[in-house]
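The values are calculated or read from the model by the stated rules, or taken from the named source; none is laboratory data. Owing to the predicted nature of the structure, the values given are computational and were not obtained by experimental measurement. Every residue, glycine among them, receives a Cβ derived from its backbone with ideal geometry; neighbour counts consider all protein chains shown. Keep in mind that these areas ignore ligands, DNA and RNA; they rest on the heavy atoms of the full protein, side chains included. Shrake-Rupley method; radii C 1.70, N 1.55, O 1.52, S 1.80 Å.
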Amino acid sequence: MKLYYAKGTISIAAVIALHEAGLDFEPVRLDFRAGEQSGAAYLAINPKGRVPTLVTDRGILTETGALLDYIADIAPQAELRPTDPYQAAKMREAMYYIASTMHVNHAHKMRGHRWADQQSSFDDMKTKSVQTMTDSATYVEHNLITGPFVTGDTLTLADPYLYVACNWLEGDGVKLAEFPKIAAFMQAMRARPSVARVIADDMI
Ligand SMILES: N[C@@H](CCC(=O)N[C@@H](CS)C(=O)NCC(=O)O)C(=O)O
């Protein structure tokens, strides 16, 4: 498998999950500053111009949540998804929240051109993103982390996803000192060899 990624982006959740699953893959780094995600070569692979993209022997997969589910399915021995239906739904509750709300809040800081054309709109979205990311941190702190991981003692697919999204908080102007559960979660994640490896590989 080949995984297209860019440093610090949500694609690193898939890298962490691949490491947790013990799966081999070839990482392919895109340079966002050079606009590689919007170049013809990459658009031919992923017409959305986003990362992650996973190239499998059966075809191309996109969307972080779909990749994470696929990784859990092809490496069942890693037990990255709870077997209990309620716990599995709690895991997905976190994943869907990150995809549909927290990631979108984050994107308003730098990607305002997706929704508007005026510089004043970009400036407004950037300012507002400090509040919306603080709202996301507040929701995560009080509702998403059972501790030390999202669903309790065992790491699931939601954890690499949340780790990357929470890694954005400080840069987005959120005062991390106000969120002790998130800080403890980040510490527990950094203690995982999978996360240590993405840090050592300068992926995040
Ligand atoms: N819904 C997609 C969103 C992917 C996404 O927006 N990735 C960002 C990086 S965090 C990206 O590739 N941005 C490139 C761009 O906007 O040019 C997913 O979860 O995979």
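The sole residue among 195, 150, 164 that is assigned to a loop (DSSP other than H, G, I, E, B) and surrounded by 19 or more Cβ atoms within 10 Å (Cβ to Cβ) is 150. The set of residues in region 34-48 that are surrounded by 15 or more Cβ atoms within 10 Å (Cβ to Cβ) and closer than 23 Å to residue 98 by Cα comprises 37, 46.
Quick grid of which residues meet (1) more than 16 Å from the ligand (Cβ to nearest atom); (2) open to solvent by 60 Å² or more (accessible area, probe 1.4 Å); (3) out of contact with any Pro (no Cβ under 6 Å at 6 or more places or on another chain):
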residue	(1), (2), (3)
10	no, no, yes
31	no, yes, yes
63	no, yes, yes
71	no, no, yes
75	yes, no, yes
88	yes, no, no
96	no, yes, yes
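Within region 161-173, not a single residue is more than 16 Å from the ligand (Cβ to nearest atom) and among the hydroxyl-bearing types (Ser, Thr, Tyr).
Scanning region 181-191 for residues that are more than 16 Å from the chain's Cα centre (by Cα) and open to solvent by less than 90 Å² (accessible area, probe 1.4 Å) gives 181, 183, 184, 188, 191.
Scanning region 27-45 for residues that are closer than 13 Å to residue 14 by Cβ and either polar (S, T, N, Q) or free of Cβ contacts under 8 Å to residues at least 24 places away in the same chain (or both) yields no hits at all. Looking across region 98-113, not a single residue is of a type in the set (Ser, Thr, Tyr) and open to solvent by less than 40 Å² (accessible area, probe 1.4 Å). Where strands (runs of 3 or more DSSP E) fall entirely within region 26-77, those with at least 2 residues that are in contact with a Lys or Arg (Cβ under 9 Å, 6 or more places away or on another chain) and not assigned by TED's automatic domain parsing to the domain that holds residue 95 are at 26-29, 53-56.
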